[in-house]
Amino acid sequence: MTNKVTDDTQALPLVVAANAPKLPNKILPFCWYFFRMFWPVLFVMMLLEAGQATFTMMLSYGMKELLDAVESVPLNEAGGVYTALKWPILVFLGYNVGMLLCARTSGGLLVTIGPRMRAKIRETLFAYLQHHSQRYFMGNFAGSLANRVNEVAMSVMHGLWTFMFDFWPVTITFIASWFLLQDVSANLANLLGWWMLVYVVVSVLLASHARKLSKDFAAARSMVSGKVVDAMTNMMNIKMFARSDFERHYIRSALKEEVSKASRTYWYMEIMRWFQGITTLVLLAGFTILSLQDVATGVMTPGGFAMVFSLVLLIMNHVRGLSRSFLEFFEYVGNIADGISIIVRPHEVVDAPKAKPLNITKGEIKYSRVHFSHDGRADVFKSMNLTIKAGQKVGLVGPSGAGKSTLVNTLLRLYDIQKGSIKIDGQDIAKHTQDSLREQIAMIPQEPMLFHRSLMENIRYGRIDATDKEVIAASKKAFCHEFIMEQPEGYSALVGERGVKLSGGQRQRIAIARAILKNAPILVLDEATSSLDSLSEKYIQKSLDNLMKGRTVLVIAHRLSTISHMDRILVMQDGKVVEDGSHDELLQEPEGLYAQLWGMQAGGFLPE
Ligand code: ATP
């Protein structure tokens, strides 16, 4: 099922996969999506922070009361000091205790929910990302996406804490100060009121521009992370071509861009700091002049004067912190905006509304007038028709770029076709769930990728509930049991990132064991034996022949010898099936592409 949400950034409806989290793509609703899950605790924390701010400010008032009481103590009266100061001191202490209790309870709640909330955000973003298409992952650096997930989670959290621990208490402090000042001098209260208004409006206007700069800066940072991870992943290439210096320069140019974005952001922030520093001085000067006038005219008591100055110091302290918080806050907002713009995009390949699971009983595949283009310009398939009977073993050959992989990728629905239909056992794959489709097709890719997990876990990926015994049986059939047992840790051995600690042939055998375990009615092999030596291939071929029994099989091959025994061979060229028949039938056409390729295949490989 799909969920449509308006998406201003793309001017398109935001199509979200049914089982993906329904993440909003605007900053406030996006943050609220997570805050909502923890709102009772956050609400209590806000109350506690308001309490703490009020108590902190009441200290100024407590001091005024204390000083006024000191002034009123009759000097010659024994015990008069004690009587006059008892309550003001107790109240003053009470404010301190209240402040401490509020602060620490709020701190305890923060420690409790902070890590949970951060984990929730990362988990949700990961869940959303998982539903993006193959095309999306091909177009975005893995490292840059991982960096964005972390930055968004960190920024949502820090943005919330900035609001809760800085903006919110400051708001309370300003409002309460205004009321306290009313009691002492209306002029001062008015000055504070106007100053607050100007300060907040100008700060928000300045900071909203900082947000755009921060977003660009965040994008530049993610780009650098992506390029660094890409270089790390290609370390072998870098070494083989002795391109360490080249790569350093390459990364340096990305870093240069980051530095330029950082400088613009930080200089702008400096300007904001100037504005905030100057306005604070203006406030201090205004308060000093007005309160001295009030003392001179007797409107203000010495206690009142002390309270005004302690309030001014408190406000100045807050404002100094506030200028930093404003800048950081808009940096977080920029990070979130950048993350949302990349991660919370429409999902390209989604299940149809009320899609049901596909039920493959026989395995007949039918392409009817299929039209497909990767980029909307160059067509790969134009009105392609193709039927593969249930249980048929089909070899796919053809020059590079002919569309063999695209045929398989559209069958697996890694890409959606633009027109026509692809049916399996009469059921349109576009109308059924993607998971049920892929669960029933076993694919052995040319370069199988493995997780950096144990061999046992990697093979069991074919069927998560398989027992150890079943995993070992599948490994034996795929001829990988022996080399696994040669590893010191056996099936518990870790295989390195993407399986780098194994040879290409070993990775292929692991992939074959996985497919054996998956036991799917349709099997797709993409040059599955290309990395094997001739001896292993002979064994594996036997095992694959066993695996192929009773299933519909599609085999992409460059070495024609690997598919010559198939029931049927499809020769593809420019997105069309140009020849179709068994090996013997195709050789009957000496002018045909297959016969020519077969003739040219002296080394066993297809020429380009
Ligand atoms: P090979 O034998 O080299 O793997 P192939 O027959 O499998 O080639 P495809 O990979 O299906 O060919 O490619 C068919 C056409 O689609 C080619 O012109 C290719 O450039 C294009 N193509 C493939 N993948 C993409 C992509 N992700 N984006 C844009 N065009 C693509």
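The values are calculated or read from the model by the stated rules, or taken from the named source; none is laboratory data. What you see is a predicted model, and the numbers here were worked out from it, not measured in a lab. Glycine gets a Cβ as well: all are built from the backbone with ideal geometry, and neighbour counts include every protein chain shown. All accessible areas refer to the heavy atoms of the entire protein, side chains included, with ligands and DNA or RNA removed. Shrake-Rupley method; radii C 1.70, N 1.55, O 1.52, S 1.80 Å.
Can you name the number of the only condition in (1) surrounded by fewer than 20 Cβ atoms within 10 Å (Cβ to Cβ); (2) under 39 Å from the mean Cα position of the chain (by Cα) that Gln596 fails?
Condition (2) is where Gln596 drops out.
Answer with yes or no whether Val299 is assigned by TED's automatic domain parsing to the domain that holds Ala69, open to solvent by 50 Å² or more (accessible area, probe 1.4 Å), of a type in the set (A, V, I, L, M) and not in a helix (DSSP H, G or I).
So Val299 fits the description; yes.
Could you figure out which of (1) under 34 Å from the mean Cα position of the chain (by Cα); (2) open to solvent by 20 Å² or more (accessible area, probe 1.4 Å); (3) away from the ligand (no atom under 12 Å from the Cβ) isn't true of Gly391?
Only one criterion is unmet by Gly391, namely (1).
Considering only residues that are charged (D, E, K, R) and open to solvent by less than 70 Å² (accessible area, probe 1.4 Å), which ones fall in the stretch 365-388?
First, pick out the residues of the stretch 365-388 that are charged (D, E, K, R): 366, 369, 375, 377, 379, 382.
Listed by number, the list holds a single entry, Asp379.
Kindly provide the set of residues from the stretch 19-31 that are assigned to a helix (DSSP H, G or I) and within 30 Å of Ala355 (Cα to Cα), ordered by number.
Within the stretch 19-31, Pro29, Phe30 meet the criteria.
Search the stretch 574-590 for residues being part of a helix (DSSP H, G or I) and without any contact (Cβ under 8 Å) to a residue 12 or more places away in the chain, and hand back the single one that is farthest from the ligand (Cβ to nearest atom).
Asp584
Restricting the search to the stretch 401-435, which residues are surrounded by fewer than 16 Cβ atoms within 10 Å (Cβ to Cβ) and within 8 Å of the ligand (Cβ to nearest atom)?
Within the stretch 401-435, Gly401 is the sole residue that qualifies.
As an exercise: evaluate Thr467 against (1) open to solvent by 50 Å² or more (accessible area, probe 1.4 Å); (2) in contact (Cβ under 8 Å) with a residue 24 or more places away in the chain; (3) away from the ligand (no atom under 16 Å from the Cβ) and give the number of the one condition it does not meet.
Among (1) open to solvent by 50 Å² or more (accessible area, probe 1.4 Å); (2) in contact (Cβ under 8 Å) with a residue 24 or more places away in the chain; (3) away from the ligand (no atom under 16 Å from the Cβ), Thr467 violates only (2).
May I ask you to verify whether Val349 is of a type outside the set (Phe, Trp, Tyr), closer than 30 Å to Cys31 by Cβ and within 14 Å of the ligand (Cβ to nearest atom)?
yes
Which condition does Leu560 not pass, out of (1) touching a helix residue (DSSP H, G or I) at 6+ places or on another chain (Cβ under 6 Å); (2) open to solvent by 10 Å² or more (accessible area, probe 1.4 Å), if it passes all the others?
All conditions are met except number (2).
Could you list all residues from the stretch 517-544 that are over 35 Å from the mean Cα position of the chain (by Cα) and either at pLDDT 80 or above or closer than 21 Å to Arg463 by Cβ (or both)?
Ile540, Ser543, Leu544
Look through the stretch 371-382, keep the residues that are of a type in the set (Gly, Ala, Ser) and either at pLDDT below 90 or in contact with a helix residue (DSSP H, G or I) (Cβ under 9 Å, 6 or more places away or on another chain) (or both), and return whichever of them is farthest from the ligand (Cβ to nearest atom).
Among them, the one singled out is Gly376.
Six or more apart or on different chains, Cβ under 8 Å: which pairs go from a residue in the stretch 386-411 that's on the phi < 0 side of the Ramachandran plot and in contact (Cβ under 8 Å) with a residue 40 or more places away in the chain to one that's of a type in the set (Lys, Arg) and more than 8 Å from the ligand (Cβ to nearest atom)? Could you list them?
Leu386/Lys366; Ile388/Lys366; Ile388/Arg568; Ala390/Lys362; Gln392/Arg568; Lys393/Arg568; Val394/Arg568; Gly395/Arg568
Output the number of the condition that Ala242 fails; it satisfies all remaining conditions of (1) among the hydrophobic types (A, V, I, L, M, F, W, C); (2) assigned to a helix (DSSP H, G or I); (3) on the phi > 0 side of the Ramachandran plot.
(2)
Can you give me the number of residues within the stretch 316-355 that are closer than 30 Å to Lys404 by Cβ and among the charged types (D, E, K, R)? Please lay out each step first, then the result.
Let us first name the residues in the stretch 316-355 that are closer than 30 Å to Lys404 by Cβ, namely 345-352, 355.
Still in the list and also among the charged types (D, E, K, R): 345, 348, 351.
Counting residues in the stretch 316-355 that are closer than 30 Å to Lys404 by Cβ and among the charged types (D, E, K, R) gives 3.
Which of (1) touching a helix residue (DSSP H, G or I) at 6+ places or on another chain (Cβ under 7 Å); (2) open to solvent by 10 Å² or more (accessible area, probe 1.4 Å) is the odd one out, the single condition Val319 does not satisfy?
The one condition Val319 does not meet is (2).
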